[in-house]
1. Rounded, prolate or oblate: which fits the chain when a ≥ b ≥ c are the square roots of the eigenvalues of the alpha-carbon gyration tensor, with rounded for a/c under 1.5 and prolate only if a/b beats b/c?
2. Which distance in nm do the two modelled labels at Q154 and D87 give, with both placed 7 Å along the Cα-to-Cβ direction?
3. Among DSSP beta bridges whose residues both lie in the chain, state the antiparallel percentage, nearest 5.
4. Among the lysines, which fall within straight-line cross-link reach of K30, defined as a Cα-Cα distance under 27 Å, with same-chain neighbours fewer than 8 residues apart omitted?
5. On a straight-distance basis, which lysines could pair with K104 in a cross-link, Cα separation under 27 angstrom, same-chain partners fewer than 8 positions away excluded?
6. How would you classify the stretch 72-151 from its alpha-carbon gyration tensor, with a ≥ b ≥ c the square roots of the eigenvalues: rounded for a/c under 1.5, else prolate if a/b is greater than b/c, otherwise oblate?
7. To the nearest 20 debye, what charge dipole does the stretch 1-122 have about its Cα centre, counting +1 at the Cβ of each Lys and Arg and -1 at the Cβ of each Asp and Glu?
8. Gaussian network model of the chain, Cα springs within a sub-10 Å range: biggest mean-square fluctuation belongs to which of A142, A105, A41?
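Please treat every number below as a calculation from the coordinates, not as lab data. These numbers were taken from a predicted model, which means no experiment stands behind them. All Cβ positions, even for glycine, are placed from backbone atoms using ideal geometry, and neighbour counts span all protein chains on display.
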Amino acid sequence: MTRLNELRDNPGANKKRVRVGRGIGSGVGKTGGRGGKGQTARSGVAINGFEGGQMPLHMRMPKRGFNALDPKKFNELRLDRLQAYIDSGKLDAKAVVDADALVKAGVIRRKLDGVRLIGGAGFTAKKVTFKVDYATKGATAAIEAAGGKLDLPQAADA
């Protein structure tokens, strides 16, 4: 049995920090591991990607892709996680499962821009009706195989 006066940290658990710039005998004296003079020897260096006034490489390369100005943020839910909430009784499978019901059950914190169902394995709940914004092919197949219904908003171009 270990006594209180015999308690010790594991070897190597506490490492002394290097005190930079404290004399030549310390091995990190004088310039303190920063090399010679100039901007990088000082604090507050901001030269990442700076090429001495030449147009930096990342700015010379062409722009690619597309970033939406107002991207939608969805709650992504796995079906096996929903199954666990249904099994525990926190989520009522007889009622329509939508964003409001999921918030009330504590599955998601807030509605955001909608709900996406993902995954397909591990879902066995019978006759559950989901009113969500998006569902993957696997999720759709699993819900329909269990006898459930999926109410998705119609696409604008359809």
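1. Details: a/c = 4.44, a/b = 1.70, b/c = 2.62.
Oblate, since a/c reaches 1.5 and b/c is not below a/b.
2. With each label placed 7 Å out from Cα toward Cβ, I get 3.8 nm.
3. Antiparallel bridges: around 10 percent, rounded to the nearest 5.
4. Of all the lysines, those that pass the test against K30 - Cα under 27 Å, at least 8 places apart if same chain - are K15, K16.
5. K72, K73, K90, K94, K126, K127, K131, K137, K149
6. oblate
7. Numbers: 25 positive and 11 negative charges, 193 e Å.
Charge dipole of the stretch 1-122: 920 debye, to the nearest 20.
8. Result for the chain, Cα springs under 10 Å: A41 fluctuates most.
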